[in-house]
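Q: Got a structure for you, questions after.
Rule-based calculations on the coordinates, nothing more; no lab input. None of these values were measured; they are calculated from a predicted model. With ideal geometry, Cβ positions are generated from the backbone for all residues, glycine too; neighbour counts draw on all protein chains shown.
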Amino acid sequence: MAGAPQRIAIIGAGQTGGQAAYSLRLAGHEGAITLIGDEPAPPYQRPPLSKAYFKGEMEAERLFLKPLEYYAEHNIDLLTGRAAKAIHLAAKQVVLEGAAPVAWDKLLIATGARPRKLTLHGADLKGVTELRTLADVDRLKILAAPGARMVVVGAGYIGLEAAAVGAQLGLKVTVLEAMPQVLSRVAGPEIGAFYTHIHRAAGTDIRLGARLEHFEGEGQVTGVRLAGGEVIPADLVLVGVGVVPNVELALEAGLVCGNGIVVDGDMCTSHPDVFAAGDVAWRPLVHYGREGRLESVHNAIEGGKIAAAAMLGLPAPALEVPWFWSDQFDLKLQTAGLWTGADQTVVRGDPQTRAFAVFYLKEGRLIAVDAVNSAPEFIVGRKLVASKARVAPGELADKSLSMKDIGARALS
């Protein structure tokens, strides 16, 4: 490939870094690829960690994005259990802990994000944990014996998914959420109310507007004290209150950062030979005319593909509308688009049937959809969101009209 870089280094062997390495080889890059990860495992899927893997329905090897032998077969130098300590832009080197520096012509930073830490007293007690890595869930599974009392702090995707598994495993689960609804960052009030009802029906104690004071225990957590003085007994506490992008390496190297590493549409940073993608990237959100960070499998895969193409001077792949999903109990929530900023909400179907959708419109155009056990609404809705289609609210609400027909009319 004429003019292609010979040495490409990728910091971060997660979904983004793995995808970039695969895409580089698929595009015909024949130069060196070094994939650097601080975890001992090869690139793996994170979504099943809070679901099937926590529940014991999936072995660790099934999480791997590619079989371990793939990397040797495709001449990808996979360095696991190696932490990157510094990026030297002038020398074009990545400094590693306990290993020789890695030289590069092009560099991708895919360092992801880490769970936000609570600074409350007792947050360092044994039994207070988070859920981000294989090791986190392995520790959690040891603590999650039937009958154990689990307190989940934070009712986002991960918190509620873990709470659902905990209830199914026979744990006594309490969810503490500071906001007035669950899933407040990712979905509207209709979805929040539905999932609150579902979890409470499964025996989970959901506390909204909860304020934590501290964790109790000596060495091992025994409870969570709320601001009003109530103590909720706990054998384990799962903290899921958001993440912080791992920008430190980029910041210390002198790259422009904010709430993430600032990149353009090609995932290029303020240095022309350095790219960033995945959870760590502050990127253009072209479907919404603004910039932001996305924490999703879609963003990881898309960012890895875009960065790989840009490093090789190839055309960028088509951009998709952001999409997300969450599995809780027998319910699959599929989301397309970003709902914030909507000025009208339309519910299609009856939540009591456990299969319905919520459409979000802004100035008459569809900007997002949340579909619960409703694949047609998600599939067609994603196309409508991508097209910024105008759809009559009455049509969206009318279950006698098929989504296929609604989509055909709106996109014609």
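Q: Just to confirm a number: summing +1 for Lys and Arg and -1 for Asp and Glu over residues other than P393 whose beta-carbon lies under 13 angstrom from that of P393, what do you get?
A: After counting each charged neighbour, the total is 0.
Q: Still on this structure, I have one more. More than 16 Å apart: what percent of Cα pairs in region 330-411 qualify?
A: I get 41 percent for the Cα pairs in region 330-411 exceeding 16 Å.
Q: Could you pull the Rg and Dmax for region 128-241, using just the Cα atoms, both in Å?
A: Using the Cα atoms of region 128-241, the pair Rg, Dmax is 13.2, 41 Å.
Q: Each label point is 7 Å from the Cα along the Cα-to-Cβ direction; what then is the distance between the points at I379 and E69, in nm?
A: My value for the distance between the label points is 3.6 nm.
Q: Tell me which residues come under 5 Å, amide H to amide H, from V153 once H is placed; ignore anything under 5 positions away on its chain.
A: Amide H neighbours of V153: L176, L238, V239, G240.
Q: Based on DSSP, what percent of beta bridges with both residues in region 1-160 are antiparallel, to the nearest 5?
A: 35 percent
Q: Next up: Dipole of region 128-241, Cα-centred, from +1 at each Lys and Arg C-beta and -1 at each Asp and Glu C-beta, to the nearest 20 debye? Mind dumping the intermediate values first?
A: Numbers: 10 positive and 12 negative charges, 28 e Å.
Charge dipole of region 128-241: 140 debye, to the nearest 20.
Q: Using the Karplus equation 6.51 cos²θ - 1.76 cosθ + 1.60 (θ = phi - 60°), what ³J(HN,Hα) coupling, rounded to whole Hz, does each residue of region 187-192 give in order, writing x for Gly and Pro?
A: 8, x, x, 5, 5, x
Q: Using DSSP loop states and a limit of at most 16 other Cβ atoms within 10 Å to flag trypsin sites (Lys or Arg not before Pro), what is the longest stretch of the chain containing no flagged site?
A: Here the longest run is 212-353.
Q: Which entries of K126/K332; K106/K305; K332/K404 show an alpha-carbon separation above 25 angstrom in the structure shown?
A: Numbers: K126/K332 33 Å; K106/K305 15 Å; K332/K404 20 Å.
Violating the 25 Å Cα-Cα cut-off are K126/K332.
Q: Here is a further query. What percent does the relative contact order of region 296-412 come to when contacts are Cα pairs within less than 8 Å and at least six residues apart?
A: Contact order relative to length: 19 percent.
Q: Can I ask one more? Using amide H atoms built 1.01 Å from N in the peptide plane, name the residues 5+ places from Q344, or on other chains, whose amide H lies under 5 Å from its own.
A: Answer set, sorted by chain and number: L361.
Q: Give me the one-decimal nm value for the distance between modelled label points at K117 and E57, 7 Å along each residue's Cα-to-Cβ direction.
A: Going from the K117 label point to the E57 one covers 3.5 nm.
Q: Kindly state, to the nearest 0.05, the FRET efficiency for D273 paired with W325, given R0 = 41 Å and r defined as their beta-carbon distance.
A: Working from the Cβ atoms, E equals 0.75.
Q: So, counting K/R as plus one and D/E as minus one, what does the shell of residues with Cβ under 14 Å around A135 add up to? Intermediate values should be presented prior to the final figure.
A: Working: positive: R46, R114, R132, R139, K141; negative: D38, E39, E130, D136, D138.
Neighbour charge sum, excluding A135 itself: 0.
Q: Could you give each residue of region 166-183 its phi-based ³J(HN,Hα) in whole Hz, using Karplus coefficients 6.51, -1.76, 1.60 with θ = phi - 60°, and x for Gly or Pro?
A: For region 166-183, the Karplus-derived couplings read x, 4, 5, 7, x, 7, 8, 10, 10, 10, 10, 10, 6, 7, x, 8, 6, 6 Hz, x marking Gly and Pro.
Q: Convert each backbone phi in region 24-39 into a coupling constant with the Karplus relation 6.51 cos²θ - 1.76 cosθ + 1.60 (shift: θ = phi - 60°), then list the ³J(HN,Hα) values in order as whole Hz, x for Gly and Pro.
A: Here the 3J(HN,Hα) series is 4, 5, 4, 7, x, 5, 10, x, 5, 10, 10, 10, 10, x, 8, 8 Hz.
Q: Any idea how far apart L26 and S400 come out in nm if each label point goes 7 Å out from Cα toward Cβ?
A: Placing both labels 7 Å along Cα→Cβ, they lie 4.5 nm apart.
Q: Which stretch or stretches of region 233-254 have amide N atoms under 14 Å from the point lying 7 Å from T340's Cα along the Cα→Cβ direction?
A: 242-243
Q: Under the rule of at least 5 residues apart or a separate chain, name every residue whose amide H is placed under 5 Å from the amide H of E291.
A: Placed amide hydrogens put L285 under 5 Å from E291.
Q: What relative contact order, as a whole-number percentage, does the chain give when Cα pairs under 8 Å and 6 or more residues apart are counted?
A: The value is 14 percent.
Q: Calculate how many DSSP beta bridges within the chain are antiparallel, expressed in % of all such bridges and rounded to the nearest 5.
A: 60 percent
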